[in-house]
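Here the structure comes first, spelled out in structure tokens, and everything after it is commentary.
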Amino acid sequence: MSSHSPTASRSRHRAARRLDGVGATIFAEMSALATRTGSVNLGQGFPDVSGPSAVVDVAVEAMRAGRNQYPPGHGAPELVAAVAAHQRRHYGMDFGADQVVVTTGATEAIAGAVLGLLDPGDEVVVLEPYYDSYRAMLQIAGAVRRPVTLRAPDFRLETAELEAAVTERTRMILLNTPHNPTGHVLSQAELAGVAEVARRHDLLVVTDEVYEHLVFDDHRHVPIATLPGMAERTVTISSSGKTFSLTGWKIGWATGPADLVAAVEGAKNWLSYASGAPFQPAIAHALDHEEGFHRDLRASLQRRRDRLCSGLADLGLGVHVPQGTYFVTTDVSGLGWDDSLAFCLALPERAGVVAIPAQVFYEEASPEGRHLVRWAFCKETEVIDEGLRRLRAADLAR
Ligand SMILES: *Cc1c(COP(=O)(O)O)cnc(C)c1O
């Protein structure tokens, strides 16, 4: 007689308190909703089309050549060198091999910086609305968020508000430019304000620049690490996911002073240790030889931005045209909705389209993002057009 216990669907045990309120990421939730309802997914920010085929070829060759075991925790030497060369070529920043660490996407670099550089109770000034992993990681680390809100229509960062958010417990400013979800690109003047506050209070700056190459019109991305007095206090984070339309490969990196990078690596060693062995030489190739890809991507994204923005404006939405990134933020209050979550939950059934309620990127009690919805335009033109066609055919009024 064989005896086996039935597979339990639930246990009586609870999740750790450090996850209270963190929940699943909204992107997974809304992408699952899109699949379930057959909706056009203008929610999660991933492109429909893979990055350069030559880069895929290098990864395949690396696998065939046996690069399938643990890579160095610090990163494959050619990728470390390619990241350093990229920072020099684009921004004139000089980094040695000990000032670069390769991570499992920007997500792990953010986790490494938060866990490796902050103690419980340390305060972190963060731009609101914020990318959802910041909130989760700061909470897991026991750090305290001090949001500074970027407000529509132009989402400018006011230096005085930044200054007001700093206390004697503040250790870090967690920056993100080009900014997800608003698409705002911090200007020279705004960056100078951040730098002034950081220097005055001797703060660390961790800056998420994953959209560094996806900036439109005549806007320009400037890493804050290039401003006077900032190189010695700044960890700059980026990733190949957005730049090369390879979001599933999860190859990211951090650069900065050797001691700060060592702290990021010290935490990262106990997260993944290392990942993506065959992808690392492929991304090194991409950084060294495929700059044309992101130049073209930037131009085509700008056209798709314009297409989606004008289509959404025609529907009566208040459109805040982004300066960079994959996303446009709209105001749905013109259609009678004051709750973007209710709007986004109704949208699959009413229109067969999924978008992201931007209110999830704000503090829970904040009224600021209540009526804002984020739409992704990193999709094929036909997908954007089909989404707009469905939206036009639907009754969107509250
Ligand atoms: C997509 C995204 C990330 C995650 O990058 P990965 O390399 O996929 O981990 C981090 N920050 C922002 C602002 C993003 O939009």
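The values are calculated or read from the model by the stated rules, or taken from the named source; none is laboratory data. As the structure is a computational prediction, the values presented were derived from the model and not from experiment. Counting neighbours? That spans all protein chains shown, and the Cβs are built from the backbone with ideal geometry, glycine included. Calculation scope for accessible area: heavy atoms of the full protein, side chains included, ligands and nucleic acids excluded. Shrake-Rupley method; radii C 1.70, N 1.55, O 1.52, S 1.80 Å.
Things worth noting here:
- In sequence order, the stretch 209-221 has phi-based couplings of 10, 5, 9, 3, 9, 10, 10, 10, 6, 9, 6, 9, 8 Hz under the Karplus curve 6.51 cos²θ - 1.76 cosθ + 1.60, θ = phi - 60°, and Gly or Pro positions carry x.
- Gyration tensor over alpha-carbon atoms, the stretch 125-182, equivalent ellipsoid semi-axes in Å: 19, 15, 7
- Protection proxy ranking for 163-169, 87-93, using the average of other Cβ atoms within 10 Å per residue and placing the highest first: 87-93, 163-169.
- A 1.4 Å probe over all protein chains sorts D208, D57 by accessible area into D57, D208, starting with the largest.
- Given their separation in residues at 0.36 nm each and the Cα-Cα distance between them, A393 and D94 gain 102.3 nm when the chain is fully extended.
- Between the stretch 76-102 and the stretch 337-393, the C-alpha centres lie 38 angstrom from each other.
- Per residue value of the accessible surface for the stretch 53-157 (all protein chains in place, 1.4 Å probe), Å²: 40
- Cα centroid of the stretch 198-264 to Cα centroid of the stretch 6-25, whole Å: 33
- For the stretch 314-323, putting each phi into the Karplus relation 6.51 cos²θ - 1.76 cosθ + 1.60 with θ = phi - 60° gives couplings of 4, 7, x, 8, x, 9, 9, 5, x, 8 Hz, in residue order, rounded to whole numbers and with x for Gly and Pro.
- As a fraction of the 1.4 Å probe accessible area of the stretch 279-398, surface on carbon and sulfur atoms comes out at 46 percent.
- Ranking by accessible area, most exposed first, for H221, H371 with a 1.4 Å probe: H371, H221
- Taking a ≥ b ≥ c as the square roots of the eigenvalues of the alpha-carbon gyration tensor, the stretch 212-303 is classed oblate because a/c is 1.5 or more while a/b is no larger than b/c.
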